[in-house]
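Visitor: Just dropping this structure here.
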Amino acid sequence: MNFIKQIEGALTTINQANFQDLINHFLFLKGYDFIGAPGSVVGKEKTSKGAPDSFFIHGDKYVFVECTTLQKVGTSKTFINKLQDDIEHCFDQNKTKITIDKVGKIITACNVV
């Protein structure tokens, strides 16, 4: 089997918590300095409501990360609505506790097939 196909196949079976961990690790390897993951539950394979799912620092700005899998989208929202909501809550300073001028980038990672 082709290596790319193996990766694609594995990604179709991954849950939200593992996908978020995978993205966090990938971004760390890309040079972003990990700070925290309010969207993770420590010691468990589950996610929690957090704004954003994870955040990093790069230079003097924060990088917010929102991760979505098909399981997280569910039937109540369309995929586009889910992404829009994720991005919008990154700009809610009451949730993030970080002023908008300190946010340099929002990364959305999606695993929807």
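Visitor: Select from region 48-66 the residues that are charged (D, E, K, R) and modelled with pLDDT under 90 and write down the one among them that is farthest from I98 (Cα to Cα).
Guide: As a first pass, look at region 48-66 and keep what is charged (D, E, K, R): 49, 53, 60-61, 66.
Okay, now just the ones that are also modelled with pLDDT under 90, so 49, 53.
Values: K49: 17, D53: 14 Å.
Across region 48-66, the extreme among qualifying residues is K49.
Visitor: Something else about it: Name the residues in region 91-113 that are polar (S, T, N, Q) and assigned to a loop (DSSP other than H, G, I, E, B), would you?
Guide: Step one: list which residues in region 91-113 are polar (S, T, N, Q), which gives 93-94, 96, 99, 108, 111.
The one that is polar (S, T, N, Q) and assigned to a loop (DSSP other than H, G, I, E, B): T99.
Visitor: Okay, next question. Pick from region 72-113 the residues that are closer than 21 Å to I14 by Cα and open to solvent by 70 Å² or more (accessible area, probe 1.4 Å): which of them is modelled with the highest pLDDT?
Guide: Initial filter on region 72-113 (closer than 21 Å to I14 by Cα): 72-80, 82-83, 86, 107-113.
Imposing the further condition that a residue be open to solvent by 70 Å² or more (accessible area, probe 1.4 Å) reduces the set to 72, 75-78, 80, 113.
Numbers: K72: 56, T75: 59, S76: 58, K77: 66, T78: 76, I80: 80, V113: 59.
Out of the qualifying residues, it is I80.
Visitor: Quick one: which residue in L22, L29 is exposed (fewer than 11 other Cβ atoms within 10 Å of the Cβ) and at pLDDT 85 or above?
Guide: On the way: L22 fails: exposed (fewer than 11 other Cβ atoms within 10 Å of the Cβ).
Matching residue, one of L22, L29: L29.
The values are calculated or read from the model by the stated rules, or taken from the named source; none is laboratory data. Keep in mind it's a predicted model, so treat the numbers as computed, not measured. Heads up, the Cβs are rebuilt from the backbone with ideal geometry, glycines too, and the neighbour counts pull from every protein chain shown. Calculation scope for accessible area: heavy atoms of the full protein, side chains included, ligands and nucleic acids excluded. Shrake-Rupley method; radii C 1.70, N 1.55, O 1.52, S 1.80 Å.
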